[in-house]
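Notes to accompany the following structure.
Derivation of every value follows stated rules applied to the coordinates shown; laboratory data play no part. Here the structure is a predicted model, which is why all the values come from computation and not from measurement. Here Cβ is always computed from backbone atoms with ideal geometry, including for glycine, and neighbour counts include all displayed protein chains.
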Amino acid sequence: MIDTGLKDKVVLVTGANHGMGAAIAKAFANEGAMVLITYYRFSAEAYGDISEQEVAKATEPGRAYYCKMQMQTADHVVSAIEELGGRCVAIEADLVDTANIPKLFDQAEKHFGPVDILVNNAAYGKCDTFIPSSELPEQSIFVDEFPITTVTSESHDRHFAVNSCAVSLMIAEYAKRYIKRKGRN
């Protein structure tokens, strides 16, 4: 058996209530790491014209199924890890609110100890374009039924807040704490 060196390491994974984030968290836990995962649930209203019933029934890839994944908690990820004997805590947090960033590290330290590994997996994506809305065809659809809209200040700010600012601040918080403890637990 190969020793990956991950046993008893503390890992913080953002955006882990489904998809790659959930798989990453499970893989680390499978190697003996303790994992704190974060997630953010969108409400049905965030998807506009899609109904809650359509989302609830979705089982096939597409917009409704993606919405369903985005709306769930991370309880199933925690359960899957715990069933395999791993340790995991899930915290719902919007990374747009930068005050949440040090709190996530505080929670990891409270439950497991200092964070050894940070995985910035959370992302925000909306199908927007620079094309003026007056030039977009009616019912503009991108892959898997996602409507395309013209970029707004709000959509740009949300993309930047999650995909750039939060990532940078998560790394800065990790570095600050790592240096303070001189790279030791």
Could you check the simple spin-label distance between I131 and T152, using points 7 Å along Cα→Cβ, in nm with one decimal? 2.0
Would you mind checking K110/K182; K26/K182; K26/K180; K26/K126 for any pair whose Cα atoms are more than 23 angstrom apart? K26/K182; K26/K180; K26/K126
Between R177 and K110, what length in nm is gained on full extension when 0.36 nm per residue of separation is reduced by their alpha carbon distance? 22.7 nm
Would you be so kind as to identify which of S155, V167, G125 lies farthest towards the positive end of the dipole of the chain, taking Lys and Arg as +1 and Asp and Glu as -1 on Cβ and the Cα centre as origin? V167
Three-way shape label, the range 10-180, alpha-carbon gyration tensor, a/c 1.5: oblate
What helix-only [θ] at 222 nm does the chain give? Using -39500 (n - 2.57) per DSSP H run of at least 4, over all residues, to the nearest 500, the answer is -11500 deg cm²/dmol
Under 5 Å, built H, 5+ apart or other chain: amide partners of I91: I37, T38, Y39
Residues whose built amide H sits under 5 Å from the amide H of D8, excluding neighbours closer than 5 in sequence, are A33, M34
Of all DSSP beta bridges located in the chain, what percent are antiparallel, nearest 5? 5
If you put +1 on each Lys and Arg Cβ and -1 on each Asp and Glu Cβ, how big is the dipole of the chain around its Cα centre, in Debye rounded to 20? 1160
